[in-house]
Amino acid sequence: MDGAKMPETAPVLILLGPPGAGKGTQARMLEEAHGLVQLSTGDLLRAAVAAGTPAGKQAEAVMKAGDLVSDDIVIAILRDRLAEPDGAKGVILDGFPRTTVQAEALDALLADSGQRIDAAISLEVEDAAMVERISGRFTCGGCGEGYHDSFKPTTTAGTCDHCGSTDMKRRADDNAVTVAQRLEAYHAQTAPLIEYYQAKGALHRVPAMGAIDKIASALNAIVAQVKA
Ligand code: AMP
C-alpha cells in the first residue's frame, strides 16, 4: 500500500483527556458519523480480564487500583488490534497512548505501515467535575451505548434507547477512590502527551465541559479538516 496516501483515506485520530472527559462517548459518535473504528485499550483490557488471558490476569489488580497497566502489555494488545482489517477506513484511539513510551511505540507502529497521527484531540475539562461524571455512568451490555444517571438517562429506566436491552453495566473502577487515582495517573503520565503532540503540530484542543452535541460538532470539524 502507498503509505503517503494513507492519511487521506485512513485517518488516525487520538482522543486525549482524563477519565470522564467523554472520550468513549465522542469516539462512538465519530465512529457512526465517519465510519472510523474506535479502539479503546480500556475495552480491550476489560475483555482480556473477562476472558482470563495471561495479560488480563496481570492487568486486573492494576485496573482495580486505578493505576496504568504496563506499557508492554498495552502496546502488545493495541498492536494486535491494529493489525485487524476493520481499521482500514481509519481509527480513533480512545485511551491510548497514555505514556510517552506508548506514544513513541505508536509512532513506530504506524511508520511501519506508512501511516502517522493525523490529529491528537485533547478534550479539555475540569477535574472537579469528573468524579460526578464518572460515578453516574453506565453502559448498555447489548450495544455498548453509554448513559449517565443525570446527564444522559435512558428514556425508560433500565432499558437501552438504542437496542432495547435491559443489561446495563457499571464499571468496577468507576468509584470515587479509584477515580481519584485515575486522575492522578492521568496528570502524572498522560497529560505530558499534550506537549508531545503539540510539538508534532498535531494537537487540537477542544473545550469539553459543555453539551455532548456541541463537542461532537467541534470534533466533526476536525475530522473533516483531516480528511480534506
Ligand atoms: P479506560 O477504559 O480508558 O478508562 O481504562 C480503564 C483502565 O484500563 C485504566 O484505568 C488503566 O488501568 C487501564 N488502561 C487503559 N488503557 C491504558 C493504557 N493505554 N495504558 C495503561 N493502562 C491502560
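Over 24 Å from residue 199 (Cβ atoms), in contact (Cβ under 8 Å) with a residue 60 or more places away in the chain and surrounded by fewer than 20 Cβ atoms within 10 Å (Cβ to Cβ): does that describe residue 65? In short, yes. Quick check: anything in segment 37-44 more than 13 Å from the ligand (Cβ to nearest atom), touching a residue at least 60 places away in the same chain (Cβ under 8 Å), under 12 Å from the mean Cα position of the chain (by Cα) and buried (at least 16 other Cβ atoms within 10 Å of the Cβ)? No, there is no match, as no residue in segment 37-44 is more than 13 Å from the ligand (Cβ to nearest atom), touching a residue at least 60 places away in the same chain (Cβ under 8 Å), under 12 Å from the mean Cα position of the chain (by Cα) and buried (at least 16 other Cβ atoms within 10 Å of the Cβ). Filtering segment 81-123 to residues that are within 16 Å of the ligand (Cβ to nearest atom), among the charged types (D, E, K, R) and over 18 Å from the mean Cα position of the chain (by Cα) leaves nothing. Residue 23: open to solvent by less than 30 Å² (accessible area, probe 1.4 Å), within 25 Å of residue 140 (Cβ to Cβ) and within 9 Å of the ligand (Cβ to nearest atom), yes or no? When the stated conditions are applied, residue 23 passes them. Looking at segment 110-120, which of its residues are of a type outside the set (Lys, Arg), touching a residue at least 12 places away in the same chain (Cβ under 8 Å) and open to solvent by 40 Å² or more (accessible area, probe 1.4 Å)? Scanning segment 110-120 gives 113, 115.
The values are calculated or read from the model by the stated rules, or taken from the named source; none is laboratory data. Source: prediction; values computed, not measured. Positions of Cβ are generated from backbone atoms using ideal geometry, with glycine treated the same way; all protein chains shown enter the neighbour counts. The protein model used for the area step is the full one, side chains on, heavy atoms only, and it has no ligands, DNA or RNA in it. Shrake-Rupley method; radii C 1.70, N 1.55, O 1.52, S 1.80 Å.
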